[in-house]
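Notes follow the structure.
The values are calculated or read from the model by the stated rules, or taken from the named source; none is laboratory data. Owing to the predicted nature of the structure, the values given are computational and were not obtained by experimental measurement. Every residue, glycine as well, gets a Cβ built from its backbone with ideal geometry; the counts of neighbours run over all protein chains shown.
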């Protein structure tokens, strides 16, 4: 019951997401086109691809400093990722765990793994077979946003789902 | 030449030593107590070692230059400007004219000779003198290949350091580190190896795969490190002589944070699986891992006590990242850090008396030391980011990396290597060709 509400919510958010693409989305075609199931159409997104995942569900979730618990916002994104993964049963993914630069290198490798694993656990609980999801940690080695600011750190404390 | 206790060592770089002091002086001899906080550096004169042929004269100058630079960087010596020297020491001089050196206030003097042998190898002899006591403090001879001359200079600097401070030196050592280049979000990282003074820098890996946290084996012949070579992070060994790389931590989950045991037979490392990281000891002969911790936390950055009996590591099992000590076989761990903030990357001093660490508190990073029972915490340096201390083999100097904040275009943020005395003084950059992080200091090479 609860899961259904979340997936409905996910579908709603999906439409919202399609009408206002995130700034990271590639500028392919005019925005606001018919997203449909995975943004086929004017945006030329291949179904089941990384771009499709980004547009349909969002490819990343964010964490608080030195934390790996899943926020309500992150849970919604993961629910949409689970829906999307159900739609493309042949797709396998790797979840990359990342940290900001404000920790020691080895601890951050462990923390990145913990974040990736936390995201994986949500997908598995939503019914995605664990065998379809691998994890890898990059610690503080691969920031998404460059700069020593709180805004950059917030973007860098993340788990990114990557289509293999 | 055998007068004054000169022992002519014939081995490759071996120095066999006996010092014959005929009649110890009544007065207090030239000596620095380096355990004191603020030290007035000893004025020392290091003229070019004398030679006859042109190549010998050149080598004599080069040797004196490297010895001077080593001693100067230690902060304990003040090499005097050669332009102030009155006596021009030549091959024929057996005894210095002490009056000439007293006049320029040199307390210590180094003299020596360089000869090319029939087989083409270099024969280097040096003597260390106490100028005011008019007495020889030390004297050795070394024979080596011409290419090896820098090591002779470092060995001489170590002997001078040892004779005057009473502590082992650390100049005949190497640093393995991670050389960094490229934009901050796509950093290219390579293993690099250099002499302690930055000379002979060379790269061990080509930068195609991400590598982190190299550490020396006790013989300094092998390096254990983390590599993403096969896509997922694993612990590797690198043999410096053969260039061979091999995976050693190839069991399920990520393996990382490796360090050799003091006997070189084991590597202790972290293994992350299902969101928890635990410590394992890996027998390098059987390649079998033994579990050391079984927590639902992050246990990482393990480091052996120099006698191999204990391991210090950091864990967030108590809610935040703190330092713990346990037996090298695992079992009960005891928390030793109780100050405010978080503690990581503990490294046991080669002398066993202290543990160096990285501390994070109030938005700053610190390098500090504490005793193994957790008492006597002392912070040596503070910055936006300082991390990863490594000990000089004599336990008197630490090296670490320091990184400034970066802006949104990736400017700034360049990590560089620094060294600092245990007293917290004499902080200096260790120059590297490119950005550098994760330094590890080798044991003495002899």
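So which of B:446, B:351, B:382, B:402 is surrounded by fewer than 20 Cβ atoms within 10 Å (Cβ to Cβ) and not in a loop (DSSP other than H, G, I, E, B)? Spell out the reasoning first.
On the way: B:446 fails: not in a loop (DSSP other than H, G, I, E, B); B:351 fails: not in a loop (DSSP other than H, G, I, E, B); B:402 fails: surrounded by fewer than 20 Cβ atoms within 10 Å (Cβ to Cβ).
Result: B:382 is the single residue among B:446, B:351, B:382, B:402 that is surrounded by fewer than 20 Cβ atoms within 10 Å (Cβ to Cβ) and not in a loop (DSSP other than H, G, I, E, B).
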Note down all Cβ pairs under 6 Å where the first residue falls in the stretch B:369-397 and is within 14 Å of chain A (Cβ to nearest Cβ), the second is crowded, with 21+ Cβ neighbours inside 10 Å and in a loop (DSSP other than H, G, I, E, B), and they're at least six residues apart or on different chains. B:387/A:104
Yes or no: residue B:107 touching a strand residue (DSSP E or B) at 6+ places or on another chain (Cβ under 6 Å) and either crowded, with 20+ Cβ neighbours inside 10 Å or closer than 22 Å to residue B:161 by Cα (or both)? yes
Number of positions in the stretch A:111-128 that are facing chain B (nearest Cβ under 7 Å) and under 13 Å from residue B:254 (Cα atoms): 4
Taking residue B:395 and the conditions (1) under 30 Å from residue B:221 (Cβ atoms); (2) surrounded by fewer than 17 Cβ atoms within 10 Å (Cβ to Cβ); (3) at pLDDT 95 or above, which numbered condition does it fall short on, given that it satisfies the others? (2)
Condition check: over 17 Å from the mean Cα position of the chain (by Cα), surrounded by fewer than 20 Cβ atoms within 10 Å (Cβ to Cβ), more than 12 Å from chain A (Cβ to nearest Cβ) and at positive phi. Does residue B:339 satisfy that? no
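If the requirement is being farther than 29 Å from residue B:221 by Cβ and either in contact with a strand residue (DSSP E or B) (Cβ under 7 Å, 6 or more places away or on another chain) or in the same structural domain as residue B:258 (by TED's automatic domain parsing) (or both), which of these qualifies: B:439, B:405? Let's see the steps before the verdict.
Details: B:439 fails: farther than 29 Å from residue B:221 by Cβ.
One residue alone meets the criteria, B:405.
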Could you say which residue among B:236, B:177, B:225 is over 30 Å from residue A:120 (Cα atoms) and either not assigned by TED's automatic domain parsing to the domain that holds residue B:420 or not in a loop (DSSP other than H, G, I, E, B) (or both)? B:177
Condition check: at positive phi, in contact with a strand residue (DSSP E or B) (Cβ under 9 Å, 6 or more places away or on another chain) and touching a residue at least 40 places away in the same chain (Cβ under 8 Å). Does residue B:413 satisfy that? yes
Assuming residue B:353 fulfils every condition listed in (1) in contact with a strand residue (DSSP E or B) (Cβ under 8 Å, 6 or more places away or on another chain); (2) free of Cβ contacts under 8 Å to residues at least 60 places away in the same chain; (3) away from chain A (no Cβ under 14 Å); (4) at negative phi apart from one, which condition is it? (1)
Give the residues of the stretch B:274-311 that are in a loop (DSSP other than H, G, I, E, B) and within 14 Å of chain A (Cβ to nearest Cβ), sorted by residue number. B:274, B:275, B:293, B:295, B:296, B:297
Out of all the residues in the stretch A:89-110, is one or more within 7 Å of another protein chain (Cβ to nearest Cβ), within 13 Å of the chain's Cα centre (by Cα), more than 21 Å from residue B:412 (Cα to Cα) and outside any loop (DSSP other than H, G, I, E, B)? no
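Being within 11 Å of chain B (Cβ to nearest Cβ) and on the phi > 0 side of the Ramachandran plot, is that true of even one residue in the stretch A:129-143?
In the first step, residues of the stretch A:129-143 are kept if they are within 11 Å of chain B (Cβ to nearest Cβ); the result is A:130, A:134-143.
The next check asks that each one be on the phi > 0 side of the Ramachandran plot; those that pass are A:139.
Taking every residue of the stretch A:129-143 in turn, at least one turns out to be within 11 Å of chain B (Cβ to nearest Cβ) and on the phi > 0 side of the Ramachandran plot.
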Of everything in the stretch B:190-213, what is in a strand (DSSP E or B), free of Cβ contacts under 8 Å to residues at least 40 places away in the same chain and either within 14 Å of chain A (Cβ to nearest Cβ) or under 15 Å from residue B:229 (Cα atoms) (or both)? Give them in sequence order. B:190, B:211
Here is a list: B:250, B:241, B:263, B:294. Which entry is over 20 Å from residue A:110 (Cβ atoms) and without any contact (Cβ under 8 Å) to a residue 24 or more places away in the chain? B:241
The stretch B:245-266, subset modelled with pLDDT of 95 or more and outside any strand (DSSP E or B), residue nearest to the other protein chains (Cβ to nearest Cβ): B:261
Before we move on, is residue B:419 within 14 Å of another protein chain (Cβ to nearest Cβ), farther than 20 Å from residue B:310 by Cα and part of a strand (DSSP E or B)? no
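Would you point out which residue out of A:75, A:114 is in a helix (DSSP H, G or I) and touching a residue at least 60 places away in the same chain (Cβ under 8 Å)?
Details: A:114 fails: touching a residue at least 60 places away in the same chain (Cβ under 8 Å).
The match here is A:75.
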Top-ranked residue in the stretch A:144-164 [being free of Cβ contacts under 8 Å to residues at least 12 places away in the same chain and surrounded by fewer than 17 Cβ atoms within 10 Å (Cβ to Cβ); ranked as farthest from the other protein chains (Cβ to nearest Cβ)]: A:150
Being more than 27 Å from residue B:425 (Cα to Cα), at pLDDT 70 or above and over 21 Å from the mean Cα position of the chain (by Cα), is that true of even one residue in the stretch B:31-47? yes
Kindly provide the set of residues from the stretch B:312-334 that are within 14 Å of chain A (Cβ to nearest Cβ) and under 29 Å from the mean Cα position of the chain (by Cα), ordered by number. B:312, B:313, B:314, B:315, B:321, B:322, B:323, B:324
